[in-house]
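To keep things clear, I will list the structure first and then write my remarks on it.
The values are calculated or read from the model by the stated rules, or taken from the named source; none is laboratory data. In this text the structure is predicted, and so the values were computed from the model without any measurement. A quick note on method: Cβ atoms are made from the backbone with ideal geometry, for glycine too, and the neighbour counts reach across all protein chains shown. Calculation scope for accessible area: heavy atoms of the full protein, side chains included, ligands and nucleic acids excluded. Shrake-Rupley method; radii C 1.70, N 1.55, O 1.52, S 1.80 Å.
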Amino acid sequence: MVTAREKRLAPLRTPTSLSEDATRDISAALTGLLADVFAIYLKTKNFHWHVSGPHFRDYHLLLDEQAAELFAMTDPIAERARKIGGTTLRSIGQIAKESRVSDNDADYVDPLDMLAELRDDNNDLVGRMREVHDLCDEHGDIATASLLENWVDETERRVWFLFETGRRGNG
């Protein structure tokens, strides 16, 4: 029996060789991942706009570069969910509901604390990407797995740069 929701979504069903379970599971996982990427993107821009101190220029440019990398991931993630027959984010409210990234609305955050927080957020994102990759492997979705491999590499690079830039002391 076809539900009312399934009838509403029928026009959005992109043909795919993946099973219905794969479409449901992977598109849901990609939607959660997309919400996390948007949340880290916005936090990165927040810190970019509000960084201060003696390393302002370096941190400001680093955070802007990293925000651009994050934003560049958003469309491919959403489009991948659609390509396999699923749907994805529709609103800021859905991002807030789906994201597992903690907000930081503080009036002031120490620049090194900004870097450490983003390092941890990106490191957590790597773990979530690996979980989605495992799900793709279970369902035989090699295309999504391949995209994730590149995003894991990019995200690990952000973690590395944030770690090295945020080191305290002499090395």
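Checking each residue in region 134-147 for being under 16 Å from the mean Cα position of the chain (by Cα) and closer than 15 Å to A28 by Cβ picks out only T144. Within region 75-87, none of the residues are within 30 Å of R167 (Cβ to Cβ), out of contact with any Lys or Arg (no Cβ under 8 Å at 6 or more places or on another chain) and buried (at least 19 other Cβ atoms within 10 Å of the Cβ). All conditions but one from (1) touching an Asp or Glu at 6+ places or on another chain (Cβ under 6 Å); (2) open to solvent by 50 Å² or more (accessible area, probe 1.4 Å) apply to V101; the one that does not is (2). Taken together, the residues in region 117-137 that are open to solvent by 60 Å² or more (accessible area, probe 1.4 Å) and within 29 Å of D21 (Cα to Cα) amount to 6.
Condition check ((1) farther than 19 Å from K45 by Cβ; (2) surrounded by 13 or more Cβ atoms within 10 Å (Cβ to Cβ)) across all residues:
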position	(1), (2)
R57	no, no
D64	no, yes
L89	no, yes
H139	yes, yes
D153	yes, no
R157	no, yes
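Of all residues in region 71-92, which are in contact with a Leu (Cβ under 9 Å, 6 or more places away or on another chain) and under 17 Å from V152 (Cβ atoms)? Within region 71-92, M73, T74, P76, I77, R80 meet the criteria.
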